[in-house]
Amino acid sequence: MTAAPPPAVALRPPDRVMRLARLGSLHQCRLSFMRILTRRMAREGWRFARPVFDFDTRGVGHAVYTAQTPDRTYSLVAFGHDLPPEMRSDRVIATAWDATFTLFDGVPAPADIERLSGNVPRQEAGRVDERSLSLSRANRSARLWDRVVSTLADGRQPDAGQIAEVGYLMRTTAVYGSGKFGAADYDTIADRPEMRAPFQAEMLSVYLTRVYQRDLVNHMARARGGHRAVPLEPGIARQLGIGNSTGLGLGPFIVNHPLLFNNWIAAREEAIARVRAVDRAAAAEIALFRNVLARSSALVARWRSAHPIQQARLADLRADLAALAERLNGDDLTGPRPWNRLVEWSEAALSLEGQELLASLILEPYGALVDDLADRMGDTDPDAFRIDGSMTVSRARALIEDTYGWALNLDWDAPEHCARAWYVSAEKLEPRVGERFEEPIADYELPLAPGRDAAAAHAALADWRDDAPLAEFLLRHPEHRFAIRRAQIAARAPYAEIRDNTIAADMLPIDLLRAKLAFFGATQFDPRSDRWVRICMYGGAPYPEELNAGNADLWVYPEVAP
Amino acid sequence: MTFSLGEVEAVARKAARGAGYSWGMAEEAGRAARWLCAAGLDGAGLLAEALAAADGTDPAELAPRALDDWRGPSGRLCPLMAGAALSDAVAFWKETGVTMAGVTVPALVLPFAAMAARASGANVTVRWADVTAVTDGRALSLCGAANLPTGPADVSVSAGGAMTAPLAARTRATPRAEDWAALNALAARTYAPATEESRMKGAGAGLTDND
């Protein structure tokens, strides 16, 4: 790894970064997992093929899409189904889908396809094995699918405005990875360079799912229209992303993987600090920034949400972009430390949405300075789990005060501070969040309130002598083992902990979801409630046959007329 | 059918929680079962045995009295409680070793000895009955009985020892069906019974998720 000089601009402090409202305002950036993948695929010249595409007129059948890296081949195996409309649901409790997928490690033989066909369509009720790296499903957009099929069948292109309104033709829901339902553990592929950055297998499966979406709509239009039918025009197809509908499941993930989450945030914060430390911006860098800002504004302009919370944030964001444009009329960015001055200005002048969008955008001209950070975003320290029991009680108290200071003076018995409880339902084994004082769930509560737990551990430590070792304390107090482990992890991983109350009455689970999805590279966040969000993935991305070094990176920003 | 090690860890963690351990201890149980499977032993079966031996007993009754007294108030020791303390406290016993009295499932101490080995940078030797096990933190070599003798047994742990013929590392687990069922039954205790309110509100979807 290149030893970049230590940034002369301090990292933004965790107390500011790790608040739910800010995490819930994050935007994709150069270090988003989709973009890490598309850059690598182009750089390494991955080759793509579709050796199997066998569907009837209703879209029932299967396809295989292969992605060949310099070292190996991955295959998306897609099963198409004909789902009666009344069975179509994005809920994880659904039992049938329009399409189901697995990313297969290698090229599947007919016997593999046969085995997978009996399991992948059943999703959680089926089993895959270590040759599968993901398991996922998608439903057609009821708003758009049939309309696009019939328009193409009639020999016409669909209205680009309608396409932009929805953004996709199929919407994925859960994309299961590492070890789930029998799939390969991430550990078994973690040493492959192309899998080192987080979620690359899942991102590849979604990238190929988007190709399937396009190919299937063309196939069904041809089946319906015969000679009259036309394929989706490439420009319109490129605008299409693949949708995703995400419930609560992602929220617990970032709390349950503190070191991993730290590494994501820390990489982005380090990137921001490196760019802020740039003394003079070259003309080409300034031009690129202005270009992506204009294109990002176009993306924001087409961003729609039906939810009042996001509508208010979008109004703020649009005002932020106007303020930013005005600021840039008076600042040509040729002065010293232009990015640092811009960020400092934004902290007082813009909403959190605007601040975080700007922080992501200033990275764009500086791939050479920041892209190496992608290699630091995985969780590479299995020993972080072990508790150092030789640490003294006084040191443990100090660690808790450092990371959880915000939590120590909160009255955790006050109903508004502990109104929620996270739990797993017996029905479908999915994480849910409920009302502690209204539902019989407290006995089943998951440990997803690190602040409360740290405050309780801190109170218990107060009764112990300063130089007692933690090993002794934990022998008597195993109930604080969870909090002590996290405090020790957070001591070396400053962005590991969300510094906000994750069980407060006014907590918005969508903030947790947004933080994770922004790192995936998602755009067009559209919360459907306070705990469920729709997004678009790979909108604007080049298809495999178009992918090259020139379009592998900035595809997320729509082209605009100069 | 084989299971991923992630599946083993997840069900082991929930099973320990369902058996009455704290979440922090449950995490240890998950890691321990996973490590045993990766090292080539039956992690699911060993954990199921330990949880069955502990079920209904206050974990404190099965924990060492102190860092210099590795006996439990009940006369037996739970390998999770004793093992976690062993890993936590390696700095204190590294020179002297420890002897644990009446460990219900001695082999379940091994993953904790492995954590101690990695933390201290030295191999750790674990002995009980006629078994001598040595770990460098990642792999495990075993001498003695082909079928690991179960407890309760006194277990001695000391720094040092040489790895002879390490067991082949595994990336998949093949638990016996009855052990897997026992772990899942304990894990099910952690799931909240579904209510209509939970179904409609808990995960956040209303009725309009189909457009």
* Asked: When you go through (1) crowded, with 24+ Cβ neighbours inside 10 Å; (2) at pLDDT below 95 one by one for B:Asp55, which number turns out not to apply?
  -> (1)
* Determine if the stretch A:93-109 includes at least one residue that is of a type in the set (Asp, Glu), more than 25 Å from the chain's Cα centre (by Cα) and farther than 26 Å from A:Glu44 by Cα. => no
* Does A:Pro13 satisfy the condition of being surrounded by fewer than 22 Cβ atoms within 10 Å (Cβ to Cβ) and modelled with pLDDT under 95? -> no
* To do: Starting from residues that are small (Gly, Ala, Ser) and at the interface with chain A (Cβ under 8 Å from one of its Cβ atoms), keep the ones in the stretch B:11-29 and report whichever is surrounded by the most Cβ atoms within 10 Å (Cβ to Cβ).
  => B:Gly24
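Among the helices (runs of 4 or more DSSP H) confined wholly to the stretch A:205-316, which include 3 or more residues that are of a type in the set (Gly, Ala, Ser)? Show your work before the answer.
Values: elements: A:234-239, A:250-256, A:258-276, A:283-301.
Of the helices (runs of 4 or more DSSP H) lying wholly inside the stretch A:205-316, those with at least 3 residues that are of a type in the set (Gly, Ala, Ser) span A:258-276, A:283-301.
Got a sec? Which helices (runs of 4 or more DSSP H) wholly within the stretch A:434-528 have at least 3 residues that are out of contact with any Cys (no Cβ under 8 Å at 6 or more places or on another chain), at the interface with another protein chain (Cβ under 8 Å from one of its Cβ atoms) and within 29 Å of B:Ser87 (Cα to Cα)?
Values: elements: A:450-461, A:470-476, A:481-492, A:509-520.
Counting at least 3 such residues, we get A:470-476, A:481-492.
Which one is nearest to the other protein chains (Cβ to nearest Cβ) among residues in the stretch A:412-428 that are assigned to a loop (DSSP other than H, G, I, E, B) and at pLDDT 95 or above?
Step one: filter the stretch A:412-428 for residues assigned to a loop (DSSP other than H, G, I, E, B), giving A:412-414, A:418-419, A:426-428.
When the remaining residues are screened for being at pLDDT 95 or above, the result is A:412-414, A:418-419.
Numbers: A:Trp412: 17, A:Asp413: 20, A:Ala414: 23, A:Cys418: 16, A:Ala419: 14 Å.
Ranking the qualifying residues of the stretch A:412-428, first place goes to A:Ala419.
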* Structure fact -> Within the stretch A:161-184, residues among the β-branched types (Val, Ile, Thr) and not in a helix (DSSP H, G or I) come out as A:Thr172, A:Thr173, A:Val175
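Return yes or no: is A:Val120 of a type in the set (A, V, I, L, M), under 21 Å from the mean Cα position of the chain (by Cα), away from chain B (no Cβ under 13 Å) and buried (at least 24 other Cβ atoms within 10 Å of the Cβ)? Break it down into steps so the answer makes sense when it comes.
Working: of a type in the set (A, V, I, L, M): yes; under 21 Å from the mean Cα position of the chain (by Cα): no; away from chain B (no Cβ under 13 Å): yes; buried (at least 24 other Cβ atoms within 10 Å of the Cβ): yes.
It is false that A:Val120 is of a type in the set (A, V, I, L, M), under 21 Å from the mean Cα position of the chain (by Cα), away from chain B (no Cβ under 13 Å) and buried (at least 24 other Cβ atoms within 10 Å of the Cβ).
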* To do: Go through the stretch B:3-41 and give me each residue that's more than 11 Å from the chain's Cα centre (by Cα), more than 21 Å from A:Ala454 (Cα to Cα) and of a type in the set (D, E, K, R).
  => B:Glu7, B:Lys14
* Of all residues in the stretch B:49-70, count the ones that are farther than 15 Å from B:Ala185 by Cβ and assigned to a loop (DSSP other than H, G, I, E, B). => 8
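Run down B:Ala60, B:Ala85 and say which single residue is under 20 Å from A:His480 (Cα atoms), over 13 Å from the mean Cα position of the chain (by Cα), within 14 Å of another protein chain (Cβ to nearest Cβ) and free of Cβ contacts under 8 Å to residues at least 24 places away in the same chain.
Values: B:Ala85 fails: over 13 Å from the mean Cα position of the chain (by Cα).
On inspection, the qualifying residue turns out to be B:Ala60.
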* To do: Quick one: count up the residues across the stretch B:82-138 that are assigned to a loop (DSSP other than H, G, I, E, B), modelled with pLDDT of 95 or more and among the small types (Gly, Ala, Ser).
  => 5
* Structure fact -> Of A:Asp191, A:Asp187, the only residue that is without any contact (Cβ under 8 Å) to a residue 40 or more places away in the chain, closer than 20 Å to A:Arg72 by Cβ, out of contact with any His (no Cβ under 6 Å at 6 or more places or on another chain) and not in a helix (DSSP H, G or I) is A:Asp191
* Asked: If a residue has to be under 22 Å from A:Leu169 (Cα atoms) and either at pLDDT below 95 or not in a helix (DSSP H, G or I) (or both) to count, how many in the stretch A:87-120 make the cut?
  -> 17
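Residues are listed down the side, and each one gets a yes or a no for (1) touching a strand residue (DSSP E or B) at 6+ places or on another chain (Cβ under 6 Å); (2) crowded, with 23+ Cβ neighbours inside 10 Å; (3) more than 30 Å from A:Tyr557 (Cα to Cα):
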position: A:Glu497; (1), (2), (3): no, yes, yes
position: A:Asp500; (1), (2), (3): no, no, yes
position: A:Asp506; (1), (2), (3): no, no, yes
position: A:Ile510; (1), (2), (3): yes, yes, no
position: A:Ala518; (1), (2), (3): no, yes, no
position: A:Gly521; (1), (2), (3): no, yes, no
position: A:Pro527; (1), (2), (3): yes, yes, no
position: A:Val533; (1), (2), (3): yes, yes, no
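Yes/no per residue for (1) more than 7 Å from chain A (Cβ to nearest Cβ); (2) outside any helix (DSSP H, G or I); (3) more than 30 Å from A:Asp526 (Cα to Cα); (4) at pLDDT below 95:
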residue	(1), (2), (3), (4)
B:Ala145	yes, yes, yes, yes
B:Ala162	yes, yes, yes, no
B:Arg170	yes, yes, yes, no
B:Trp180	yes, no, yes, no
B:Ala194	no, yes, no, yes
B:Gly206	no, yes, no, yes
* Asked: For the stretch A:379-404, how many residues meet the condition of being surrounded by 15 or more Cβ atoms within 10 Å (Cβ to Cβ), more than 8 Å from every other protein chain (Cβ to nearest Cβ), part of a loop (DSSP other than H, G, I, E, B) and of a type outside the set (Asp, Glu)?
  -> 1
* Say we look at the stretch A:125-158 and pick out the residues that are in contact (Cβ under 8 Å) with a residue 60 or more places away in the chain and within 14 Å of chain B (Cβ to nearest Cβ); which of these is farthest from the chain's Cα centre (by Cα)? -> A:Trp145
* **The lone exception for A:Ala561 - which of (1) within 17 Å of A:Met41 (Cα to Cα); (2) surrounded by fewer than 18 Cβ atoms within 10 Å (Cβ to Cβ); (3) hydrophobic (A, V, I, L, M, F, W, C) it fails** => (1)
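The values are calculated or read from the model by the stated rules, or taken from the named source; none is laboratory data. Please read these numbers as outputs of a predicted model, since none were measured by experiment. Cβ coordinates were reconstructed from backbone atoms using ideal geometry, including for glycine residues, and neighbour counts include every protein chain displayed.
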